[in-house]
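Since every read-out is calculated from the coordinates, none of them should be taken as a lab result. Just so you know, these numbers come straight off a predicted model, no measurement behind them. Positions of Cβ are backbone-derived with ideal geometry, glycine not excepted, and every protein chain shown enters the neighbour counts.
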Amino acid sequence: MSAGDYLETEDGAKIYYEDHGEGQPILLVHGWMCSSKFWQKNFPGLASEFRVVSMDLRGHGNSSKTLAGHTIGQYARDVREVLEHLGLKDALLVGWSLGGPVVLSYYQQYGRDSRLKALGLVDTTPFPFNPADWNSHTLKHYNYDGMHATFAAYTADPRKFCLGFTARMFKEKPSETDADWVVAELMKTPAWVAEAIYSDYVMSDFTETLPLIEVPVIVFAANSEIFRNGIAMGRAIADQAQHATLVPFDDAGHILFYERPQKFNAALAAFIKGL
C-alpha cells in the first residue's frame with residue numbers, strides 16, 4: 001500500500017493519512033496537537049504483520065487547518081470517513097490521549113459493526129473534568145480556571161508551551177533530536193484549533209460509554225507528568241469495560257509507544273492475534 005495521501009471529508013476538510021503493510025487493519029489516532037509522525041517507531045514492526053493506518057486529525061499535522069469541526073464527535077466522524085475511504089473492516093481502532101475519547105465517541109456513534117473489531121486506549125481518560133478519584137487529569141473537578149490558564153500560557157508563548165508539553169510526555173528528559181521534532185509537530189496546530197478541540201475534549205464525558213463496549217479493549221497506561229497516577233487510572237478504565245486488558249508501562253511516560261516501541265508493538269500484536 002502507498003503511504004502519505006489525503007481524503008476530503010463530507011464537510012470539506014482534507015485529512016492526511018499514511019497506509020503501511022497488509023493484513024488485519026489497525027488505525028492509529030494521535031493526541032492533542034500531535035500527528036501521525038508520533039507513531040514513526042511503530043510502523044516498521046507493526047506493518048510487517050498488519051495493515052497500519054495513521055491519520056492527522058483535522059487541523060493537526062498535514063491535515064487542513066479548518067475553522068470548523070473541532071469537536072471530539074466530529075473527529076470520530078472523520079475517523080469513520082477514513083475507514084470507509086480505505087474500505088477497512090474488522091479494524092483495531094487505537095486512540096492515544098485525546099485520541100482515546102475520539103475512539104470512544106466512534107463507538108458511541110457507530111457501535112459494533114463490520115468496520116470495528118476492537119479498541120485500544122493509550123494513556124487516556126474518558127472525561128478530563130471528571131471529579132472521580134481515579135481520574136488523573138490535571139483539570140479534574142471541573143477546573144475551568146486551569147483550562148483558561150493553559151490557554152493563556154499557550155497563547156503568550158506557543159513555543160515555550162510546546163517545549164514544556166514535550167518534556168512532560170517523556171519518562172526521562174528527551175534528546176535534543178526528539179524535542180526538536182516533537183515541538184515542530186506540535187507547532188503545526190494553529191492556536192484556534194488547539195484551544196477549540198482541547199476545550200471540547202476536557203468537557204466531553206465518555207465514562208458511561210465504557211461499560212457499554214461489547215468489543216475487546218486493550219488499555220495502555222503509564223505514570224508521567226501528564227498523568228501522575230496514569231497506571232491506576234488505566235486500571236480503573238479497564239475495570240469499567242466489559243472485556244478489557246491492561247498493559248502497564250512502568251518504564252515509559254505518556255508517549256510510551258515511542259519510548260518503548262518494541263514492548264508496545266508486541267503487546268498490541270499479541271492482543272490482535274488473540275481476538
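A few points about this structure:
- Contacts under 6 angstrom Cβ, first residue in the stretch 244-258 being among the aliphatic types (A, V, I, L, M), partner assigned to a helix (DSSP H, G or I), 6 or more apart: ALA244/ALA238; LEU246/GLY234; LEU246/ARG235; LEU246/ALA238; VAL247/ALA267; ALA252/GLU259; ILE255/MET169
- Failed condition for LEU93, given (1) within 19 Å of PRO216 (Cβ to Cβ); (2) surrounded by fewer than 24 Cβ atoms within 10 Å (Cβ to Cβ): (2)
- Pair list, Cβ < 6 Å and 6+ apart or interchain, from the stretch 22-42 residues that are farther than 11 Å from GLY99 by Cβ to residues that are β-branched (Val, Ile, Thr) and assigned to a loop (DSSP other than H, G, I, E, B): MET33/THR189
- Test result for ASP200, of a type outside the set (A, V, I, L, M, F, W, C) and under 23 Å from ALA153 (Cβ atoms): yes
- For the stretch 157-173, the set of residues classified as basic (Lys, Arg), touching a residue at least 24 places away in the same chain (Cβ under 8 Å) and in a helix (DSSP H, G or I) consists of ARG159, ARG168, listed by residue number.
- Filtered by the rule that a residue be part of a loop (DSSP other than H, G, I, E, B) and surrounded by fewer than 17 Cβ atoms within 10 Å (Cβ to Cβ), the stretch 174-206 gives SER175, MET187, PRO190, ASP205.
Each row is one residue, and each column tells you yes or no for (1) under 22 Å from ALA269 (Cβ atoms); (2) surrounded by fewer than 21 Cβ atoms within 10 Å (Cβ to Cβ); (3) of a type outside the set (Ser, Thr, Tyr).
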| position | (1), (2), (3) |
| --- | --- |
| ILE72 | no, no, yes |
| ALA76 | no, no, yes |
| LEU86 | yes, yes, yes |
| LYS89 | yes, yes, yes |
| LEU98 | no, no, yes |
| VAL102 | no, no, yes |
| SER105 | no, no, no |
| LYS117 | yes, yes, yes |
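- Tally of residues being surrounded by fewer than 16 Cβ atoms within 10 Å (Cβ to Cβ), outside any loop (DSSP other than H, G, I, E, B) and among the charged types (D, E, K, R) across the stretch 4-45: 3
- Of the residues making up the stretch 94-130, those that are farther than 19 Å from ASP205 by Cα and in contact (Cβ under 8 Å) with a residue 24 or more places away in the chain are ARG112, SER114, ARG115, LEU116, LYS117, ALA118.
- The one condition in (1) under 30 Å from GLY274 (Cβ atoms); (2) in contact with a Gly (Cβ under 7 Å, 6 or more places away or on another chain) that ILE226 fails to fulfil: (2)
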